[in-house]
Amino acid sequence: MSHSAPDPSHEDGSPYDDALLGSDASHWAFGTDFEDPLAGVDTTLPDGVDARTLATYCLMLADDALVASHRLSEWCSRAPDLEEDIALANVALDLLGQARLLLARAAAADASVVPALPDGSPVPPEDALAFFREAHDFRNVRLGEVPNGDFGHTIARLLLFSTARLALLERLTASRDHVLAAVAAKGVKETTYHRDYAGRWFLTLAQGTDESRRRVEAGLAEVWPLYGELLRTHPVEAEVAAAGVGVDPATVADEVDVVLEQVFSVSGVQRPGVPPLAGVTGRYGRDGLHTEALSRLLAEMQVVARAHPMGQW
Amino acid sequence: MSSPAYAVAATVTDPEMPMLTLEDLGVLRGVEEHDDAVVVAITPTYSGCPAMATMRDDLVHRLRDAGYADVRVKVELTPAWSSDWITERGRQALADHGISPPGSAPHRSGPVVLNLLPTRRAIACPRCGSADVELTSEFGATACKALYRCTACLEPFEHVKEI
């Protein structure tokens, strides 16, 4: 996820010489090689935590952010107006940043979760995790992966997602894993803006025109079956919570519900009467069980990286 | 904090807001000299800040130009960056360039409270000084800024958000 162009200083007489770049070719695009988001950060495991379990937990938090970020970024140039286009892209960027840190943390905790690439591949671990895993290795909840509907659908999903994520990250700031605690502390600040944004738009749409209300209610009804899974405990989450490094989402379910009730009541919207989407043979997104939509999302997100496993980005 | 290497690092500017040095932005967290190596610590403003790689490259180049052969840049995630770390000089530089500097960051205890009303900030238009301004969006051209519009001179302007 680190992007860079070829170093133009290697091309004598190129049109990008001094006139455009001055004497410093490092100003070409953003950087000229990979930047480790955890460069120099102490990634030693805390006592009493299984490396694989911690890495898997990091993937859960990372994949939620990565998949949500990708769906939000699909709005780029297509949002109802320029301000919302920029806003949704900003939320997507924050989540992408959280995903990068968490994927890097997963790889540092247990390198065996990182897919193998050909010898000599310059692809860094966070990119290998994002672009070279199959859908069944993704640990995100299914709420994040279902296709975008209209703006009302996106706001309803972002409200549920950011409310739960903020509550989780607030607790995670107390993690015994210093990296997770630090990522969470940054994430709380960012996600506060995301939740307020979603909440304000939910209220605006619900109290706007008949059409805007109809749409946000329809969007909420579409994503509501996936709400329960967001706060359902997976054994890995129970294990990291018991070890003091992670958060069991079930422990924040009540406070998430209180915040949502606040938004619904001021908006005059009833909770949808639709049942939760069941797992398949007891498996959910956290187990790697996904809807078909994730495969399509990943096909688009991963195609270029997979075509060039030796590529330098 | 006033070593020769620190003084060099402190001249590097933010690629997205070049009126600010990394020191004024509060992103430069420290410079250590070990034997022949210089280790510079920086912290991202927001998790997804795309300018980190450029900051790192600029620090390395500037310090190499100053004669430091071995320069390393490390990330420091704790404590998380706060807009309160922007220096007085940095705030003045922002205002001089038409960007409204941040107020005090929220200090909370307990759960983050949901806010369904537009954020209220007592800020003035950096061009005409009028306090009659309206929020256009909490999100702007970079992760750290909100968009405003002055209802007196009608010019849009950016405001660095409090985090």
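The values are calculated or read from the model by the stated rules, or taken from the named source; none is laboratory data. The structure presented is a predicted model; accordingly, all values stated were derived computationally and were not measured. Glycine also receives a Cβ, built like all others from the backbone with ideal geometry; neighbour counts cover every protein chain displayed. For the accessible areas, the whole protein counts, side chains as well, though only heavy atoms, and no ligand, DNA or RNA atoms are used. Shrake-Rupley method; radii C 1.70, N 1.55, O 1.52, S 1.80 Å.
So the values come out like this:
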read-out: Simple Cβ-charge dipole of chain A, Lys/Arg +1 and Asp/Glu -1, about Cα centre, in debye nearest 20; value: 1160
read-out: Rounded percent of accessible protein surface that carbon and sulfur make up, the range B:116-157, 1.4 Å probe; value: 53
read-out: Threshold 50 Å² - residues in the range B:94-125 whose accessible area is reduced by that much or more when the chain is no longer isolated, probe 1.4 Å; value: B:VAL112, B:LEU114, B:LEU116
read-out: If the convex hull is drawn through the Cα atoms of the protein assembly as shown, its volume per residue in Å³; value: 167
read-out: Shielding of B:127-138 by partner chains, average beta-carbon count, 10 Å; value: 2
read-out: The range B:4-75 - percent of accessible surface contributed by carbon and sulfur, probe 1.4 Å; value: 47
read-out: Formal net charge of residues neighbouring B:CYS144 (Cβ-Cβ distance under 12 Å; K, R +1; D, E -1); value: -4
read-out: Interface area, A with B, accessible, probe 1.4 Å, both sides summed, Å² nearest 100; value: 3700
read-out: Bins of 10 Å from zero: percent of alpha-carbon pairs in chain B; value: 10, 36, 30, 17, 7, 1
read-out: Accessible area of the protein assembly as shown divided out per residue, in Å², using a probe of 1.4 angstrom; value: 42
read-out: Peptide-level mean, for A:35-42, of C-beta atoms on other protein chains within 10 Å; value: 6
read-out: About the Cα centre, charge dipole magnitude for the range B:4-75 (Lys/Arg +1, Asp/Glu -1 at Cβ), debye; value: 160
read-out: Net +/- balance of residues flanking B:LEU117 in space, Cβ distance below 15 Å, scoring K and R +1, D and E -1; value: +1
read-out: Shielding by other protein chains, A:178-186, mean Cβ within 10 Å; value: 4
read-out: Fraction of alpha-carbon pairs over 27 Å apart in the range A:51-307 - percent; value: 34
read-out: Positive-end extreme of charge dipole, the range A:51-307 - chosen from A:GLY282, A:LEU203, A:VAL146 (charges on Cβ); value: A:GLY282
read-out: Complex-versus-alone comparison for the range B:29-63, residues with a loss of 30 Å² or more in accessible area, probe 1.4 Å; value: B:TYR46, B:SER47, B:GLY48, B:PRO50, B:ALA53, B:THR54, B:ARG56, B:ASP57, B:ASP58, B:HIS61
read-out: Helix B:52-65 axis, angle to chain B major axis (alpha carbon atoms, nearest 10°); value: 40
read-out: Protein accessible area in the range A:51-307, 1.4 Å probe - carbon and sulfur %; value: 56
read-out: Dimensions (Å) - the range B:4-75, Cα atoms, principal axes, largest first; value: 33, 22, 16
